[in-house]
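Written below as structure tokens is the structure these notes are about.
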Amino acid sequence: MRPEIPAHVQAFVLRHLRSVAHLEILLWMREHRGRWWNADSLASALGVAAPLSEKILEELCSANMLAVQVSSSISYQFSPATPALEALVTEFVEVLRQSRVRVYGLIASPSAHSVRDFADAFRFRDKDRG
């Protein structure tokens, strides 16, 4: 039997990995951490639509997992803002290796969507107040 996903890793998944595409992009960026990627080059490498890769890159950047560079285009590089976030991503990858089906199930679960919708509602409410 595979181990349960630790609560803090579950929270990370529920907060930041809204889809399998989010998961795949995060893993790709981590694996190629020394390279800068724009939405088009990432979309081409992973075979996803450029608008989707752009949206996910922006979300991962907002979650402090990616650095951003602005020149003729916007590029991103895996660069967690803190050592604790780097350690959490590393732990998540290890959990994924041990419990891939559980992680994919967590991402796809209806309860995950409810938790995200609830969190988003508060984030947007608080954003409107500021």
Ranked by how many other beta carbons lie within 10 Å on average, peptides 17-27, 87-97 from highest: 17-27, 87-97
For Ala45 and Gln69, what is the calculated FRET efficiency with R₀ set at 22 Å and r taken between the beta-carbons, to the nearest 0.05? 0.80
How high is the relative contact order of segment 1-101? Use alpha-carbon pairs under 8 Å, at least six apart in sequence, and give a whole percent. 30 percent
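We did not get these values from a lab; they are worked out from the coordinates using the rules stated. Predicted, not measured: the structure shown is a model, and the values here were computed from it. Positions of Cβ are backbone-derived with ideal geometry, glycine not excepted, and every protein chain shown enters the neighbour counts.
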